[in-house]
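Participant: Take this structure first; my questions come after.
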Amino acid sequence: MSIESLQIALEIILPLFLLMAVGYVVRLTGVVSETAAHQMNRMVFTVFLSALVFQNIYSLDRDDLWYHFDSYTLFYTLGGVTLQFLIALCIAFLVESDGSRRGVMLQGMFYGNFVLFGIPICNALFGDDAAGPASVLVAVILPLYYILAVISLELFRGGRPGFFRILKGIFTNPLILASIAGILCLIFRIRLPYAISVTVSNLASVATPLAFVVLGAAFSFRKVGSCAKSLCIALGVKLLFFPAFFLLLAVLLGFRGVSLAILLAVFASPVAVSSFTMAGEMDGDESLASQLVVFSSLLSIGTVFLFIFLLQWFGLL
């Protein structure tokens, strides 16, 4: 059982971590400079990740979503992510005074990569039985993540945060616009022309590897020390405290099997790579954002293994 748990964690997370290593090596060889990597990050954010977000929602089957709809799991997830945001907001205020870092730290403590990490975890544990219920969450949790992530960065984007400025930040963010477009197409069964559909699909297919390679190229070990306190606290909250708290609560509320695996995927996933691209676009501390993604991805190999092992040990999965 322990070997199986470790294998699941390695097979899902290690390939993406190696993509970051490729980007880092590419920069060391001088093919791409650190400045160029940060410039490429903007293109990844506005074009490729937006296409990926739209494709993730657009490609869902509406009838299948209703068939697999589980209101108990869905509302627990929405409530849990919102509570994560509020707790993380308090922690960020208490431990970090720099506005650009405070927003990134807040974002990093709750913003998990459910699509890239979570869904493969569900599939590895329960196969097709988990695919349908997990896909329901994609259409709901992605917009919530993006809205809260934008609010996180807008709150500390210099000066006094205003309601209308935050609202503008939400509804002009490419990822949120892509989510809205995908939801509208899903609800009203809008089908794109073939040429456009293929183009969006092609952009989406390279978004994840490109985002991780660019992240690796922009990463710098020399800046780790300056963010050590915020980095360690955010990682501890994201990878250990939140998963332990929300999974224990879920067990006490009676979640088991597929539903518990989905909640494990939501709350134990490492920091989303799009948080790095978003931070660069919204005046957040890119250095801290990149470190949160890199180190959470590496450390989650151990933490995801730990939580899968414990849940299987007690016969809950």
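Participant: Limited to the stretch 277-313, what total is found for residues that are of a type in the set (A, V, I, L, M, F, W, C), over 19 Å from Leu14 (Cα atoms) and touching a residue at least 24 places away in the same chain (Cβ under 8 Å)?
Facilitator: 7
Participant: Just checking, which of Ile147, Ile190, Ile141 is modelled with pLDDT under 90 and either within 21 Å of the chain's Cα centre (by Cα) or outside any helix (DSSP H, G or I) (or both)?
Facilitator: Going through Ile147, Ile190, Ile141 in turn, the sole match is Ile141.
Participant: So, one more: In the stretch 182-205, which residues are over 17 Å from Asp61 (Cβ atoms) and without any contact (Cβ under 8 Å) to a residue 60 or more places away in the chain?
Facilitator: Pro193, Tyr194, Ala195, Ile196, Val198, Thr199, Asn202, Ser205
Participant: Which residues, taken from the stretch 249-292, are part of a loop (DSSP other than H, G, I, E, B) and acidic (Asp, Glu)?
Facilitator: Asp283, Asp285
Participant: Here's a follow-up. Taking Arg157 as the residue in question, decide whether it is open to solvent by 30 Å² or more (accessible area, probe 1.4 Å), under 19 Å from Asp285 (Cβ atoms), out of contact with any Cys (no Cβ under 8 Å at 6 or more places or on another chain) and in a helix (DSSP H, G or I).
Facilitator: Values: open to solvent by 30 Å² or more (accessible area, probe 1.4 Å): yes; under 19 Å from Asp285 (Cβ atoms): yes; out of contact with any Cys (no Cβ under 8 Å at 6 or more places or on another chain): yes; in a helix (DSSP H, G or I): no.
Taking the combined requirement at face value, the residue does not satisfy it.
Participant: Further question on the same structure: If you check Ala178 against the conditions, is it touching a Ser or Thr at 6+ places or on another chain (Cβ under 6 Å) and of a type outside the set (Asp, Glu)?
Facilitator: yes
Participant: Could you list, in sequence order, the residues of the stretch 18-41 that are part of a helix (DSSP H, G or I) and surrounded by 18 or more Cβ atoms within 10 Å (Cβ to Cβ)?
Facilitator: Correct list: Leu19, Met20, Gly23, Tyr24, Arg27, Ala37, Met40, Asn41.
Participant: If I go through the stretch 1-17 residue by residue, how many of them are more than 22 Å from Phe221 (Cβ to Cβ) and surrounded by fewer than 17 Cβ atoms within 10 Å (Cβ to Cβ)?
Facilitator: So the count comes out to 7.
Participant: Given the structure, is Ser205 on the phi < 0 side of the Ramachandran plot, hydroxyl-bearing (Ser, Thr, Tyr) and open to solvent by 30 Å² or more (accessible area, probe 1.4 Å)?
Facilitator: Yes; evaluated as a whole, the condition is true for this residue.
Participant: From the residues in the stretch 215-245 that are assigned to a helix (DSSP H, G or I) and closer than 11 Å to Ala289 by Cα, which one is farthest from the chain's Cα centre (by Cα)? Before the answer, list the steps.
Facilitator: Our first condition is that a residue be assigned to a helix (DSSP H, G or I); within the stretch 215-245, this holds for 215-218, 221-223, 225-245.
Imposing the further condition that a residue be closer than 11 Å to Ala289 by Cα reduces the set to 215, 218, 227, 230-231, 234.
Working: Leu215: 14, Ala218: 19, Cys227: 21, Ser230: 19, Leu231: 17, Ala234: 14 Å.
Residue satisfying both the conditions and the ranking: Cys227.
Participant: Right, another one. So Val115 fits all but one of (1) modelled with pLDDT under 85; (2) open to solvent by less than 20 Å² (accessible area, probe 1.4 Å); what number is the exception?
Facilitator: For Val115, the failing item is (2).
Participant: To continue, here is another question. Look through Lys238, Lys223 and report the one residue that is among the basic types (Lys, Arg) and closer than 21 Å to Ala37 by Cα.
Facilitator: On the way: Lys238 fails: closer than 21 Å to Ala37 by Cα.
Testing whether each residue is among the basic types (Lys, Arg) and closer than 21 Å to Ala37 by Cα leaves just Lys223.
Participant: While we're on this one: Condition first: surrounded by fewer than 23 Cβ atoms within 10 Å (Cβ to Cβ) and among the small types (Gly, Ala, Ser). Now tell me which residues in the stretch 217-229 satisfy that.
Facilitator: Across the stretch 217-229, the qualifying residues are Ser220, Gly225, Ser226, Ala228.
Participant: Let me ask something else. Of all residues in the stretch 71-84, how many are closer than 14 Å to Phe246 by Cα, surrounded by fewer than 16 Cβ atoms within 10 Å (Cβ to Cβ) and of a type in the set (S, T, N, Q)?
Facilitator: Selection size over the stretch 71-84: 1.
Participant: A further question follows. Hey, can you tell me all the residues within the stretch 298-317 that are assigned to a loop (DSSP other than H, G, I, E, B) and not aliphatic (A, V, I, L, M)?
Facilitator: If the condition is that a residue be assigned to a loop (DSSP other than H, G, I, E, B) and not aliphatic (A, V, I, L, M), then Phe314, Gly315 are the ones that fit.
Participant: Restricting the stretch 274-309 to residues that are more than 19 Å from Phe242 (Cα to Cα) and under 11 Å from the mean Cα position of the chain (by Cα), which is surrounded by the fewest Cβ atoms within 10 Å (Cβ to Cβ)?
Facilitator: Ser274
Participant: Say we look at the stretch 85-105 and pick out the residues that are in contact with an Asp or Glu (Cβ under 7 Å, 6 or more places away or on another chain) and of a type in the set (A, V, I, L, M, F, W, C); which of these is surrounded by the most Cβ atoms within 10 Å (Cβ to Cβ)?
Facilitator: Val104
Participant: What number goes with the only condition from (1) surrounded by 13 or more Cβ atoms within 10 Å (Cβ to Cβ); (2) modelled with pLDDT of 90 or more that His68 does not pass?
Facilitator: Failed condition: (2).
The values are calculated or read from the model by the stated rules, or taken from the named source; none is laboratory data. The structure presented is a predicted model; accordingly, all values stated were derived computationally and were not measured. Methodologically, a virtual Cβ is constructed for each residue, glycine included, from the backbone with ideal geometry; neighbour enumeration extends over all protein chains shown. Quick note on the areas: whole protein, heavy atoms, side chains included, nothing else; ligands and nucleic acids left out. Shrake-Rupley method; radii C 1.70, N 1.55, O 1.52, S 1.80 Å.
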